[in-house]
Amino acid sequence: MNEATLGGRFTFPGTSLTVQRIGYGAMQLAGPGVWGPPQDPDGALAVLREAVAAGVNHIDTSDYYGPHVTNQIIRQALHPYPAGLVIVTKLGGHRPPDQSWQPAISREELTTGVHDNLRNLGLDALDIVNYRVMGSGHGVEEGSIAEQVTVLADLRRQGLIRHIGLSNVTASQVAEAQAITGIVCVQNNYNLAHRDDDGLIDHLNGRGIAYVPFFPLGGFTPLQSSTLSAVADRLGVKPMQVALAWLLHRSPNILLIPGTSSVAHLRENLAAGQLTLSPQILQELDGIAAAAATVKH
């Protein structure tokens, strides 16, 4: 792998942090349900080391994965961290003993979350922290996030956080946060079939702000996935590789963080950066979202 095959490079706005456009999402390193230790601890370490060896320098994580487990695995696998590695974490949630996902949005909870991330990752400061709005299910919920973003801005002034991002937010929440502090990335649900954020992506791209989609294959109906599979069959690749390649083609500010606990699957994901999609194929893939919109209405 090299820079070109990992989708090219992107520099977060107002920073010296430059990453390959294909990164790695660490959520699946924890046990089933993102709870407890992994079933294959050596395999989890191997995936992280393979990713970095392949040129990945953007790892997405959170201390509430596990909880604490994922960050501890990252530290065990990679610390002392190689120069240029950017670790992006997120705050806004916690996992009580019943294994549910609950908001953690008070000043005290957010501050504790920063210190938990620092301790478990073995860092003095966090490169980028996303404030994650914890909605019901995967939906985005409106409401002010000014109080929480202000806390992160305070933690940044203290030197514990270098840069701030957002996750699971609306365009108006992005604007509200930008009035308080600089925002370097937005992480939302977006893929071939779920394209509500098209306008936001273009808006952020005009300002050089990264957009990081999660659930790159989530929310597909069987009909949509059959269209994707047909394209993948013609190209001789896996459907997930086509979905990831489409995201890279969609806009230059899109960064990918596909997750896996398998080295073989990791290699497939990284290989998506080498896939070129013709205008005809892109048009065919764009029809997936158009068909979904027709079904909705």
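What follows is calculated from the coordinates using simple rules that are stated; it is not laboratory data. For clarity, every value in this text was computed on a predicted model and none was experimentally measured. Ideal geometry is used to build each Cβ from the backbone, glycine not excepted, and the neighbour counts take in all protein chains shown.
A few remarks follow.
- Burial ordering of 116, 202, fewest other beta-carbon atoms within 10 Å first: 202, 116
- C-alpha center-to-center spacing [the stretch 146-192, the stretch 36-52] in angstrom: 29 Å
- Antiparallel bridge percentage (DSSP; both residues within the chain; nearest 5): 15 percent
- Fewest-first sequence of 235, 155 by Cβ atoms within 10 Å of each Cβ: 235, 155
- Estimated purely from DSSP H runs of n ≥ 4, each contributing -39500 (n - 2.57), the mean residue ellipticity at 222 nm for the chain is -12500 deg cm²/dmol once divided by its residues.
- Cα gyration tensor shape for the stretch 1-105, rounded if a/c is under 1.5, else prolate or oblate: oblate
- Checking every one of the GluC sites (Glu not before Pro) in the stretch 112-202 against DSSP loop status and a limit of 15 other Cβ atoms within 10 Å picks out 141, 142.
- For the stretch 72-209: rounded, prolate or oblate by the Cα gyration tensor [a/c cutoff 1.5]: rounded
- 88, 69, 47 arranged by Cβ crowding within 10 Å, fewest neighbours leading: 69, 47, 88
- Gap separating the Cα centres of the stretch 107-135 and the stretch 273-289, nearest whole Å: 37 Å
- Largest to smallest principal axis extent of the C-alpha atoms in the chain, angstrom: 51, 42, 40
- Placing +1 on each Lys and Arg Cβ and -1 on each Asp and Glu Cβ, with no other charges, gives the chain a dipole about its Cα centre of roughly 440 debye.
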